[in-house]
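Following: one structure in structure tokens, then a few remarks.
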Amino acid sequence: MNSIHDLDAGIALARLNEQIVAHAKGAWPFNRAFTDKANVVKYWRDFLNHDSADVLAYFAVKIFDITLPKSLYGNPQ
């Protein structure tokens, strides 16, 4: 069985679609102020356990982990 962020792939895909739309609209929970522009990975990590943002956050963290030098965001958790 394929899974993403411990979810069945089909469920994860549906949630990802909903979360991308919510993020694009600046809807909750993505309407939260981005206070630490130097730590974009922390911003996304804070969403990993949030049911309305977790799948998008999972992919965002993966992307930033491989594209940003670790010195820009500190130690990953």
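List of remarks:
- Filtered by the rule that a residue be assigned to a loop (DSSP other than H, G, I, E, B) and modelled with pLDDT of 95 or more, the range 52-77 gives SER52, ALA53.
- If you go through the range 14-51 and keep only what is modelled with pLDDT of 95 or more, surrounded by 12 or more Cβ atoms within 10 Å (Cβ to Cβ) and among the basic types (Lys, Arg), you end up with just ARG15.
The values are calculated or read from the model by the stated rules, or taken from the named source; none is laboratory data. Everything numeric in this text was worked out from a predicted model, so none of it was measured. Glycine gets a Cβ as well: all are built from the backbone with ideal geometry, and neighbour counts include every protein chain shown.
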